[in-house]
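The values are calculated or read from the model by the stated rules, or taken from the named source; none is laboratory data. Everything numeric here is computed off the predicted structure, so don't read it as measured data. Neighbour counts run over all protein chains shown; Cβ positions are idealised from the backbone, glycine included. Just the protein is used for accessible areas: all its heavy atoms, side chains included, with ligands, DNA and RNA removed. Shrake-Rupley method; radii C 1.70, N 1.55, O 1.52, S 1.80 Å.
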Amino acid sequence: MPPRLLRLSLHFLSARPAARLTRTTPHYPPRPIPTSTSSPRAYHAYDRPTPPPYPPTETAILTAALGRVPAHGFSKTALALGARDAGYLPVSTNLFPAGEMELVKFWCTKARLGLGGTVEKEGLPEGGVRGRVKELVRRRLRMNVEGGVVGRWGEAIALMAHPTYAPTALAELSRLADEILFLAGDASLDSAWYAKRAALAGVYAAAETFQTQDTSPGCVDTERFARERLGDVESLGKAFGDVGEWVEFTVHGVLNGLRSKGVRL
Amino acid sequence: MPPSHQLAILSRRSFHSHRLVSSRPVPLAKYDVNSLRRVSSAAAAQPQYAQNVLAAGGKSALTPSPLSDEQKRFLDSALRVNQAGELAAVLIYSAQTPPIVRTHPHLLQLMKHMYDQEAGHYKTFNEILVKHRVRPTVMYPLWKAAATTLGWSTAVMGREAAMACTEAVETEIGDHYNSQIRVLLDWAADLEAKGEDFGPEMKELLATLRRIRDEELEHLDHAVMNDAKEAKPYELLTNVIRGGCRAAIWISERV
Ligand SMILES: [Fe+2]
Ligand SMILES: [Fe+2]
């Protein structure tokens, strides 16, 4: 979802805080799971190969550079060391005009695409979209810990907040929200589609910010934080969902309502 | 058939050309809504879909190359428009039916038949959107209100106006589906020239679009047979509605 749309969807959210995470549909992602790449989100094909998000050289350098993040942070140093580790000259970091932001983006992409992998390996809990969303958010937050980037994630957030990179960061955040809702089997197709993605993106961004300050073992406090915020969104949805529904169906609803009262329309 | 009807039909060049396209043989089995439903229901269905795709895809010597970004964008916006349009159709017919049936009880069967087909189209595109991760249009709430208003207001104007509404809408929609079918046929021809297979997904989509297009043109037929051309003021009414349809398509393609 381009940033313009994210803004639109945030507008939807403010008009209707009713992110209805409550609607459950018995839908699981079909296999093989088609994952979004770094290209703009659009039609996903199942019977055509999906090109990897980065070419092989870039993938090798960025993967090696991630290994240097715990010690050197999301920095040009980590990129240069990564290039060397992967067997390239340090000058090959000019493959990445966005510099250290590319490293941040690579991690986000890798983790996002990794979610589909966890679904193939571990499956997802039964019992509704809500529960599966919570579980996927937990897994994604856990990746920050297990990937060793959590101690340096504050730097990444500072980079993403930079005006130059904010659109990229927002686009990536909306792709993550879309990935999670798709994997969770959400099938909403009205303005709830936007409201849910906006609400989930908001909760996830808040949880990641919380995570940078989290000193609990394995960042379990962050997981609880995310679970509770998602719960808040649900109860907001319950409280305001009917209003949103009403606005949306106004004309149709008025017509049918009058008909049901015996008015001959 | 009264002469006015024959005239009316003869004057619809585009109508006849739809028929020519639609009479091409469809080389595929009909779109199986049931198999799609099974895809999206419950855990047990997961491997089955993969098997279907693999089995179908594995038959061709050359698997199709990835869709280009441009092709993906085309499918993205085309499917979004189709879903919004079918929702509008469902709402138009459901708003029209009670006033029309009250004054013309014999039209109940026809209205129900068209409504049921539209509901089927809507369901088909809903499933396609979720499966292929196409976002719905931002204008959803607006289209809902507009479609219901259009359906109800034409119906209270009388049977002819309601049918003129159907005729205008289905003419635009028929053209719209035809242009999508032409694009897919072009893609298929390009792949064939390269010795590649069109792939099961695109073949299925093409068959679905053709089937739905034919049903829309059947609705157009019914509308003309039911005196759509007698509506007053016919030109104004149909031009306004057709303009509205084109505007709605243009907007939904973008947002
Ligand atoms: Fe239709
Ligand atoms: Fe129709």
Heavy-atom accessible area of B:MET139, protein chains in place, probe 1.4 angstrom, given in Å² to nearest 10, is 50
Zone reached by a paramagnetic label modelled 7 Å from A:ILE157 Cα along Cα→Cβ, restricted to region A:175-195 with backbone N below 20 Å, covers A:175-177
Between chains B and A, total accessible area buried, probe 1.4 Å, no ligands or nucleic acids, nearest 100 Å², roughly 4300
The ³J(HN,Hα) series, computed from each phi in region B:71-86 with the Karplus coefficients 6.51, -1.76 and 1.60 at θ = phi - 60°, rounded to the nearest Hz and given as x for glycine or proline, is 5, 4, 5, 4, 4, 4, 6, 4, 5, 4, 4, 4, 5, 5, x, 5
If the label point sits 7 Å along Cα→Cβ of B:LEU142, residues of region B:228-255 with amide N under 19 Å come out as B:240-255
With x for Gly and Pro, the residue-by-residue ³J(HN,Hα) of region A:184-194, computed from phi through the Karplus equation 6.51 cos²θ - 1.76 cosθ + 1.60 at θ = phi - 60° and given in whole Hz, is 6, x, 5, 10, 6, 9, 10, 5, 4, 4, 6
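Can you give me the orientation-averaged projected area of the convex hull built on the Cα atoms of region B:83-255, in nm²?
10.2
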In order over region A:55-62: 3J(HN,Hα) from phi, Karplus 6.51/-1.76/1.60, θ = phi - 60°, whole Hz, x for each Gly or Pro, gives x, x, 4, 4, 4, 4, 5, 5
Sparse-neighbourhood loop hits (trypsin sites (Lys or Arg not before Pro), region B:157-243; DSSP loop; Cβ within 10 Å at most 14 others) -> B:LYS194
Here the residues of region B:184-201 whose accessible area is at least 20 Å² smaller with all protein chains than in the chain alone (probe 1.4 Å) are B:GLU201
Straight-line reach check, B:LYS194, cutoff 15 Å on alpha carbons, 8 or more apart in-chain or any other chain, hits among aspartates and glutamates -> B:ASP186
From the cross-link list A:LYS134/B:LYS72; A:LYS76/A:LYS105; A:LYS134/B:LYS123; A:LYS110/A:LYS134, the entries with a Cα-Cα span beyond 22 Å are A:LYS134/B:LYS72; A:LYS134/B:LYS123
